[in-house]
Amino acid sequence: MGRVIALVALALVVIACLPSARSSATPSATPTPVASPAGSTLTLAEAASAYSAVADPYNATLARAQEQYGTRTSLEDHQRYWALLAKADKAFIAGLKKIAFPPEVAADAAVLIKADEAFQQRAALVSRSRNLAEVISLSAVANAAAAIAAEKSAILRAGLGLEPLA
């Protein structure tokens, strides 16, 4: 049951962060989001593009992690999987922080960043679990944080005018 909940929560995070039905297969490097001159913000269209530039590699990494570690049986597999998620989320957060979101969505972006920081911290904790019982316990908390981040991402995506995800 816990494994099913974990997979559902991870799927929600992946889906919520997807910029559209398409996603990049194997990004080689995280693109730098569009920056704006000091003191100014991007338009909604520019912010949506910048968000997509950050979300695409993040989502591709999450999909690869699920593909590679979908069936985790050993402690080491769980540790590697959650470490990969934590690292990808850290890069996603850093990318979001570089985007000068317009006032219409700035608060939603700030809430998403906070929610993702909470998930990232919990994923990092799971990656340092000392046994499978700890993995089960801590991953439940991390998956709950992932679900919240997915909800916040959906709100920001809507504000940016990005397609809703199915």
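The values are calculated or read from the model by the stated rules, or taken from the named source; none is laboratory data. Since the structure is predicted, the reported quantities are computational estimates derived from the model, not experimental observations. Quick reminder, even Gly has a Cβ in these numbers, built from the backbone with ideal geometry, and neighbours come from all protein chains shown. Accessible surface is based on the protein model in full, side chains and every heavy atom, while ligands, DNA and RNA are left aside. Shrake-Rupley method; radii C 1.70, N 1.55, O 1.52, S 1.80 Å.
For region 58-80, taking the residues that are without any contact (Cβ under 8 Å) to a residue 40 or more places away in the chain and open to solvent by less than 10 Å² (accessible area, probe 1.4 Å), the one that is nearest to ALA145 (Cα to Cα) is identified as ALA65. Taking every residue in region 125-141 that is open to solvent by less than 50 Å² (accessible area, probe 1.4 Å) and pairing it with any residue that is among the basic types (Lys, Arg), at least 6 positions away or on another chain, the pairs with Cβ-Cβ distances below 8 Å are SER127/ARG80.
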